[in-house]
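Student: Below you'll find the structure I mean.
The values are calculated or read from the model by the stated rules, or taken from the named source; none is laboratory data. Since the model is a prediction, treat every value here as computed from it, not as a measurement. Methodologically, a virtual Cβ is constructed for each residue, glycine included, from the backbone with ideal geometry; neighbour enumeration extends over all protein chains shown. In case anyone asks, the SASA skips ligands and DNA or RNA and just uses the protein heavy atoms, side chains included. Shrake-Rupley method; radii C 1.70, N 1.55, O 1.52, S 1.80 Å.
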Number of protein chains: 2
Amino acid sequence: MSADVNASPDVLGRRQYRNGEKVFRASDPAWQAAADNGLIGIRAAGSSNNRLVVSDTGHEFVSLCSSAYLGLNYHPKVVAGAIEALRESGTTGLMVSNTRIRHELLGRLEDELSDLFQAQVLTGVSCSALTFGILPLLASGNLAPGGPRVMVFDRFAHLSMAYVKPIVADEALVLTSPHNDLNFLEDVCRKYPSVAYVADGAYSMGGTADLAGLRNLQDRYGLFLYLDDSHSLSIEGVRGEGFVRSQMSLNPLTIVVSTLHKGFGASGGAAMLGRPEWFNILQRHAGPVGWSQNMEITSVGAALASAAIHRSPELGELQQQLQRNIEYFDRRLPTSFSGNGLPVRVIPIGESDAAIKASAELFRRGFYSSAVFFPIVPHGEAGLRVMIRADISEQELGRFVDNVKELTDAE
Amino acid sequence: MSADVNASPDVLGRRQYRNGEKVFRASDPAWQAAADNGLIGIRAAGSSNNRLVVSDTGHEFVSLCSSAYLGLNYHPKVVAGAIEALRESGTTGLMVSNTRIRHELLGRLEDELSDLFQAQVLTGVSCSALTFGILPLLASGNLAPGGPRVMVFDRFAHLSMAYVKPIVADEALVLTSPHNDLNFLEDVCRKYPSVAYVADGAYSMGGTADLAGLRNLQDRYGLFLYLDDSHSLSIEGVRGEGFVRSQMSLNPLTIVVSTLHKGFGASGGAAMLGRPEWFNILQRHAGPVGWSQNMEITSVGAALASAAIHRSPELGELQQQLQRNIEYFDRRLPTSFSGNGLPVRVIPIGESDAAIKASAELFRRGFYSSAVFFPIVPHGEAGLRVMIRADISEQELGRFVDNVKELTDAE
């Protein structure tokens with residue numbers, strides 16, 4: 001029996017949205033090469049993002065791979081806020097589904113974020129937990145009228161969104177659009193009455209969504225927008241509301257999600273809801289949103305302190321410092337995203353081996369800049385990802401650029 | 001055009017594993033009734049799990065819905081550990097993919113948990129993030145030889161596992177077995193060469209997996225076991241290793257995952273890996289496991305302090321106190337799971353309206369015990385879920401039982 005069963009095609013899934021075995025085969029050699037070059041599984045700690053020390057060797061380095069764009073992860077007030085919440089509450093968390101009972105401090109954080117970002121905010125243990133919960137309900141037609149909704153994912157939408165395509169597809173038709181291709185999207189809107197577009201606001205590998213074009217489609221066709229703005233929260237907008245929200249107010253056909261990690265400096269996730277009534281619907285029906293693990297007290301305390309900074313003049317100062325650093329970087333090392341005001345840059349190298357070699361040599365010289373390769377970027381487009389922060393000096397950034405230029409010219 | 005498109009069946013997904021719209025329709029009235037009875041969206045804080053105070057009314061109540069079974073969420077050492085980690089590190093976290101760089105304290109926690117639980121431990125931002133990442137790779141055949149693996153989910157497997165069925169099904173055949181039906185499972189093992197069983201160790205609604213039977217199938221057919229033991233970690237086993245691990249050592253065909261929330265008293269998740277080499281494979285390829293958000297410093301500090309308690313005589317004392325409370329409850333109020341030594345009990349009531357009414361009256365009298373109804377439990381099997389803790393006095397638990405008896409007899 002086993003002979004024909006071994007070959008039985010009915011064990012195989014459709015592999016319509018993923019092929020773990022193939023991706024593994026195609027990418028593991030590069031991961032292993034990165035590991036062999038000492039770039040994977042590093043353990044480190046230190047007094048700032050610019051002074052990290054490898055635990056077992058004492059090697060000191062500057063992080064150029066941290067998404068703490070404003071340096072709030074090391075801000076004394078954020079750390080003190082986390083401590084204060086623990087002291088005040090005397091607990092790590094209530095360990096109960098937040099659908100039923102929320103700790104007062106978490107409720108206070110949601111009130112504060114809702115006011116800060118001028119939208120009903122729902123928190124989650126992470127941004128991807130929110131996405132995993134919300135997208136299937138959006139597809140099933142439970143968030144807006146019009147029945148099941150055709151779900152168009154931008155080809156470059158972050159993996160945290162693309163990952164749930166099979167779940168979403170069990171509810172409604174899933175399509176993948178070429179990156180930022182509004183003609184494709186408009187064709188879908190013409191063909192189907194109820195459509196949603198799932199994309200990043202500011203992309204994790206650089207670049208942004210075409211917001212003006214998307215709003216136009218929204219006006220003309222009732223297109224629903226689900227945008228992840230994790231890479232621009234805090235760093236754009238008067239109150240740090242991010243790339244998308246600094247250019248559009250929310251409407252009843254829009255959800256913007258973001259991490260409270262990265263720029264915001266705490267942890268957990270936040271969804272800005274275009275309709276306040278979604279808060280209850282999502283709590284009750286959006287899977288991971290209603291499970292008992294939400295942001296815990298320590299994350300809440302850090303986030304409350306960070307929110308207070310977002311209301312102070314310090315936010316603008318940090319944003320300006322970040323912009324000065326981005327402009328400096330773009331002047332010294334132009335890339336395709338130069339001038340977009342966002343902090344992620346990819347320096348193209350080509351083959352993964354060369355990117356790994358450059359990253360390893362930079363690390364030896366005291367800078368960690370991630371080698372990125374398939375499936376993070378397409379095959380043959382490997383490079384170095386640089387994440388620029390407010391809390392790095394121009395001098396330090398300049399030293400990094402000098403080294404990159406020397407190494408990539410030499411490649 | 002729109003007329004026929006509106007009716008177009010090709011917008012609808014297959015609805016093979018989920019039907020959000022139907023579940024919404026079937027369950028939202030009960031959620032709304034619970035909300036109308038003041039049981040949803042409560043905001044509270046307090047000095048212990050037995051002294052919670054509703055923020056806007058001052059109403060005081062005892063939590064019987066907290067999965068902090070040992071009371072470690074309010075343990076002064078756990079809270080102090082969280083504060084100490086923040087002080088020591090000066091940061092909320094490094095905000096970088098842990099595949100590349102882990103904060104030394106997170107590495108230390110993984111070492112500590114690996115030693116405590118005698119297994120290579122991989123942490124995650126939550127237990128479900130680990131499950132979402134691991135199950136598809138298990139299905140694709142990347143964790144053990146034998147090619148794509150038929151994935152059998154127990155019908156009562158926690159939603160955090162059942163939720164990812166469509167993703168898993170894109171890699172390999174997914175089947176759902178009747179609860180604890182080892183005959184069904186053995187039939188599948190006879191038919192297919194490579195099979196995995198996905199289930200809870202100790203179930204969130206009570207009851208356990210048939211470990212002896214499962215180990216037998218593992219020996220005879222090479223069955224892979226993926227077990228979630230979130231509801232028994234800390235509370236069973238000499239080192240709090242949980243229901244499953246207190247009865248079996250790990251082997252190269254087993255993964256046991258658990259939250260570090262609930263009994264453990266911190267937050268985040270942990271996977272105990274049957275093969276140490278999975279650590280690297282999962283870091284690189286298991287989606288949510290490799291994204292930049294992992295446990296952050298505050299969670300790490302609480303978890304380190306909790307781990308220290310797990311090594312001390314206090315763990316046994318708390319476990320015994322919990323057992324005394326469970327035995328007391330079972331004597332006073334026998335249910336179908338009486339005598340299993342686990343802390344979750346469901347008091348059957350029948351219809352959701354009656355369960356909600358009973359829960360509301362109990363809350364008025366100072367006890368929160370969750371009304372559970374479809375889809376948490378099957379239709380017509382609504383009831384009150386009781387979560388027994390070590391940190392509740394027999395007197396308080398007795399008062400709760402008295403009230404339950406009065407109310408459910410009266411029903």
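Student: Just give me the residues in the stretch A:196-209 being part of a strand (DSSP E or B), under 14 Å from A:F337 (Cβ atoms) and hydrophobic (A, V, I, L, M, F, W, C), in sequence order.
Tutor: If the condition is that a residue be part of a strand (DSSP E or B), under 14 Å from A:F337 (Cβ atoms) and hydrophobic (A, V, I, L, M, F, W, C), then A:A202 is the only one that fits.
Student: Could you tell me which residue of the stretch B:1-31 is modelled with the highest pLDDT, considering only residues that are under 23 Å from A:P166 (Cα atoms) and acidic (D, E)?
Tutor: If we take residues in the stretch B:1-31 being under 23 Å from A:P166 (Cα atoms) and acidic (D, E), then B:E21 is modelled with the highest pLDDT.
Student: Could you pull out the residue among A:P343, A:P348, A:P334 that is open to solvent by less than 20 Å² (accessible area, probe 1.4 Å), over 23 Å from B:K262 (Cα atoms) and not assigned by TED's automatic domain parsing to the domain that holds A:V125? Before the answer, list the steps.
Tutor: Numbers: A:P348 fails: open to solvent by less than 20 Å² (accessible area, probe 1.4 Å); A:P334 fails: open to solvent by less than 20 Å² (accessible area, probe 1.4 Å).
Going through A:P343, A:P348, A:P334 in turn, just one is open to solvent by less than 20 Å² (accessible area, probe 1.4 Å), over 23 Å from B:K262 (Cα atoms) and not assigned by TED's automatic domain parsing to the domain that holds A:V125: A:P343.
Student: Within the stretch B:94-149, can you find the residues that are more than 21 Å from A:Q293 (Cβ to Cβ), of a type in the set (V, I, T) and in contact with a helix residue (DSSP H, G or I) (Cβ under 6 Å, 6 or more places away or on another chain)?
Tutor: B:T99
Student: A:D56 versus (1) in a loop (DSSP other than H, G, I, E, B); (2) buried (at least 16 other Cβ atoms within 10 Å of the Cβ): which is the lone unmet condition?
Tutor: Here A:D56 clears every test but (2).
Matching residues to (1) open to solvent by less than 10 Å² (accessible area, probe 1.4 Å); (2) within 11 Å of chain A (Cβ to nearest Cβ); (3) touching a strand residue (DSSP E or B) at 6+ places or on another chain (Cβ under 9 Å):
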{"residue": "B:L130", "(1), (2), (3)": "yes, no, yes"}
{"residue": "B:P145", "(1), (2), (3)": "no, no, no"}
{"residue": "B:M151", "(1), (2), (3)": "yes, yes, yes"}
{"residue": "B:D154", "(1), (2), (3)": "yes, no, yes"}
{"residue": "B:I167", "(1), (2), (3)": "yes, yes, no"}
{"residue": "B:S177", "(1), (2), (3)": "yes, no, yes"}
{"residue": "B:N183", "(1), (2), (3)": "no, no, no"}
{"residue": "B:D187", "(1), (2), (3)": "no, no, no"}
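Student: What number goes with the only condition from (1) open to solvent by 10 Å² or more (accessible area, probe 1.4 Å); (2) part of a helix (DSSP H, G or I); (3) within 15 Å of B:A30 (Cα to Cα) that B:S359 does not pass?
Tutor: Going through the list (1) open to solvent by 10 Å² or more (accessible area, probe 1.4 Å); (2) part of a helix (DSSP H, G or I); (3) within 15 Å of B:A30 (Cα to Cα), B:S359 breaks only (1).
Student: If you don't mind, another one. Go through A:L137, A:L116, A:L109, A:L105 for me and flag whichever is in the same structural domain as A:V256 (by TED's automatic domain parsing), modelled with pLDDT of 95 or more and either touching a Ser or Thr at 6+ places or on another chain (Cβ under 8 Å) or farther than 22 Å from A:S204 by Cα (or both).
Tutor: A:L137
Student: Take residues that are out of contact with any Lys or Arg (no Cβ under 9 Å at 6 or more places or on another chain) and more than 28 Å from B:G20 (Cβ to Cβ) and tell me which of the helices (runs of 4 or more DSSP H) falling wholly in the stretch B:97-195 contain 2 or more.
Tutor: Values: elements: B:104-116, B:127-140, B:159-162, B:165-169, B:182-191.
Once the helices (runs of 4 or more DSSP H) in the stretch B:97-195 are filtered for at least 2 residues that are out of contact with any Lys or Arg (no Cβ under 9 Å at 6 or more places or on another chain) and more than 28 Å from B:G20 (Cβ to Cβ), what remains is B:104-116, B:182-191.
Each row is one residue, and each column tells you yes or no for (1) open to solvent by 10 Å² or more (accessible area, probe 1.4 Å); (2) facing chain A (nearest Cβ under 10 Å); (3) without any contact (Cβ under 8 Å) to a residue 24 or more places away in the chain; (4) at positive phi.
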site: B:R18; (1), (2), (3), (4): yes, yes, no, no
site: B:S27; (1), (2), (3), (4): no, yes, no, no
site: B:A34; (1), (2), (3), (4): no, yes, no, no
site: B:G38; (1), (2), (3), (4): yes, no, no, yes
site: B:A45; (1), (2), (3), (4): yes, yes, yes, no
site: B:N49; (1), (2), (3), (4): no, yes, no, no
site: B:V62; (1), (2), (3), (4): no, no, no, no
site: B:A80; (1), (2), (3), (4): yes, yes, no, no
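Student: List the strands (runs of 3 or more DSSP E) inside the stretch A:211-321, counting only whole elements, that have at least 1 residues being open to solvent by less than 10 Å² (accessible area, probe 1.4 Å) and within 9 Å of another protein chain (Cβ to nearest Cβ).
Tutor: A:254-259, A:269-273
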